[in-house]
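Below is one structure; the comments refer to it alone.
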Amino acid sequence: MNHHRSSVLFQQAKASIPGGVNSPVRAFKSVGADPLFITRAAGCTISDEDGNSYTDYVGSWGPMILGHCHPQVVDAVKSALEKGASFGAPTKLEITLAEMVIDAVPSIEMVRMVSSGTEATMSAIRLARGFTGRDKILKFSGCYHGHADSLLVKAGSGAATFGVPDSPGVPADFAKHTLTGEYNSLASVKTLVAENPGQIACIIVEPVAGNMGTVPPREGFLEGLREICTNEGIVLIFDEVMSGFRVAYGGAQELYGITPDMTTLGKIIGGGLPVGAFGGKREIMEKLSPNGGVYQAGTLSGNPLAMSAGIATLSLLKQPGFYSALEEKSRAVADGISAAAKQAGYPIYSTRVGSMFCAFFTPGEVYDWSTAAACDTKAFSRYFLGMLEEGIYLAPSQFETAFVSAAHTDADIERTIAAAAKCFKALR
Ligand code: KE4
């Protein structure tokens, strides 16, 4: 495929935009290629500046569960725009979406809208600290919760259980309040909690990890976190920015039957427009300004265009049979790719939760960051570029999740599996 125009645009973009992109993972750095510049998308098809079209499994990193340009979402945004793009004042639309979220996710008694997942997690953590009066937080290696300073932290080396910055610009004084456990390891959590008694405000976790590839929670992991948080007075935050309305209408907490104290949301609830949200128990949420003292704000929070897209999207997801139909498509494509790898004699470890799936380029089980990091990323890159040549658009990193939409047809899935078979054979 010819990508000339995209490459020319990428060079031009790099002169005015750092790295030529407005979010790093889009730069295709980890797969050693120039990114494609997209002109349009419809259904599960995305098209680039050179006139190439691809079957899309990125779906804007999760939001496009209906597929691109669903007519009811497009119409909802168009009619909202004709009434005004933004007022900076309350609207009925915000009540409608808030009530839909509360209806979908029973653990959420009140919810505040923001404009990104990062804002949602940053604000939820501040609220948990304000509610508990504690400073420390606990996250997990391999989980990503956006780019707020307290979350760009990695485990301190050796005995130091304090976090250390994972990015220049994050002061050590901020990082030291962030503890890092190992995903699927309750033992690591119990050790950190014992070492920091009465000091941890919250544990924030992706109930289905989607930012180290797709890593499901092992039996008992989420239940164990719930028990520890209940016993220790720690706020349990499920970061469902990716899994919310993705793995079930009520998110991973519905799928696994675990009730967090707070939930963060994003992606799908904006239907492709900028929306994040954080919500939870009334007694916690009431601590938020203007009622309580924990400050949080946003010029475009609850924006009428974004609310309209979210309302239209959730209305369609709520239709009977939506998730069961998506489950069948997702099973078909993930199992088909896994079978193609096996047939080619190429070892991968395949994971899937609902319409989130991943092929890990390793023969062993992947259940946390260290086992994910052992993957052959060079082989993944060759697979990614091979699939792109076959017209299949995957996330340009081994440590991301592939997403199936309602717009993927059986023909799209068959073409994807055939492309994977060809690419795995070429890797041998
Ligand atoms: P945003 O600030 O990007 O809207 O959301 C941050 C975030 C929070 N929590 C979870 C579980 C997330 O997956 C994300 C963002 N996901 C990445 C994809 N791995 C967004 C893609 C990007 O950074 O460009």
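Listing for the model above:
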| read-out | value |
| --- | --- |
| Odd one out for Arg352, checked against (1) open to solvent by 40 Å² or more (accessible area, probe 1.4 Å); (2) in a loop (DSSP other than H, G, I, E, B); (3) in contact (Cβ under 8 Å) with a residue 40 or more places away in the chain; (4) more than 16 Å from the ligand (Cβ to nearest atom) | (2) |
| Top-ranked residue of the range 235-252 - restricted to ones that are away from the ligand (no atom under 14 Å from the Cβ) and surrounded by 24 or more Cβ atoms within 10 Å (Cβ to Cβ), ranked as farthest from Leu316 (Cα to Cα) | Val235 |
| Selection from the range 114-142 of residues that are aliphatic (A, V, I, L, M) and either within 11 Å of the ligand (Cβ to nearest atom) or in a helix (DSSP H, G or I) (or both) | Val114, Ala120, Met122, Ala124, Ile125, Leu127, Ala128 |
| Flag for Gly146 being assigned to a loop (DSSP other than H, G, I, E, B), in contact with a Gly (Cβ under 6 Å, 6 or more places away or on another chain) and within 16 Å of the ligand (Cβ to nearest atom) | yes |
| Subset of the range 258-279 (residues that are part of a loop (DSSP other than H, G, I, E, B) and either touching a His at 6+ places or on another chain (Cβ under 7 Å) or within 13 Å of the ligand (Cβ to nearest atom) (or both)) | Gly266, Gly272, Leu273, Pro274, Val275 |
| Flag for Leu255 being away from the ligand (no atom under 13 Å from the Cβ) and open to solvent by less than 10 Å² (accessible area, probe 1.4 Å) | no |
| Pick from the range 400-428, criterion among the small types (Gly, Ala, Ser) and not in a helix (DSSP H, G or I), ranking: nearest to Ile348 (Cα to Cα) | Ala402 |
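The values are calculated or read from the model by the stated rules, or taken from the named source; none is laboratory data. Because the structure is a prediction, the values reported are computed rather than measured. Don't worry about glycine lacking a Cβ; one is built from the backbone with ideal geometry, like all the others, and counts go over all protein chains shown. Just so you know, the surface numbers come from the protein's heavy atoms only, side chains and all, with ligands and any DNA or RNA stripped out. Shrake-Rupley method; radii C 1.70, N 1.55, O 1.52, S 1.80 Å.
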